[in-house]
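The values are calculated or read from the model by the stated rules, or taken from the named source; none is laboratory data. Being a predicted model, the structure only gives us computed values, none of them experimental. Here the Cβ positions follow ideal geometry from the backbone for every residue, glycine too, while neighbour counts run over all protein chains shown. Accessible surface is based on the protein model in full, side chains and every heavy atom, while ligands, DNA and RNA are left aside. Shrake-Rupley method; radii C 1.70, N 1.55, O 1.52, S 1.80 Å.
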Amino acid sequence: MAPATASELPLVSPQRVCACGQRVRWSHLRYLGRGRSQPVYVCVACGLAYRGQEAEAAPPPSRRRDHRSLPDGGHPDNPVLDEAMAAKLRQLISGS
C-alpha cells in the first residue's frame, strides 16, 4: 500500500464495525516514518480496510549500563561450585 493510499482509508468506527455490519479485526501496523505508526483494520466479511488513529512510537530503551563495583574483598563466592569441584578446576587450570 502506497503512502498516499494509506491516508485515503476511512477511519475505523469506535465500535469496530464495518459498513456491511460485520466486525473489523486488527490486520497490521503501518509505519509512517519519524516514529509514527498507524494500525490498519480489515473487515472479516468483505475485506474492506480501515485506518486507526496515528500514534507516536515509544522511545527506544536506553542502552546505558550502570557499572557496579565489586564488593570489598575481591570476587564474590560462586555458590554453584562446591569446594571439591573448585579444587579440581584450580588443579586443571594450573597444570599440576
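A few comments on the model shown:
- Summed over segment 20-66, residues that are in a loop (DSSP other than H, G, I, E, B), surrounded by 10 or more Cβ atoms within 10 Å (Cβ to Cβ), among the small types (G, A, S) and at pLDDT below 85 total 2.
- Checked against (1) at pLDDT 70 or above; (2) more than 20 Å from the chain's Cα centre (by Cα); (3) open to solvent by less than 100 Å² (accessible area, probe 1.4 Å), N78 meets all criteria but (1).
- Filter result for the condition that a residue is open to solvent by 60 Å² or more (accessible area, probe 1.4 Å), at pLDDT 85 or above and on the phi < 0 side of the Ramachandran plot, over L70, L92: L92
- Hey, Q15 part of a loop (DSSP other than H, G, I, E, B), at pLDDT 85 or above, open to solvent by 100 Å² or more (accessible area, probe 1.4 Å) and not acidic (D, E) or not: yes
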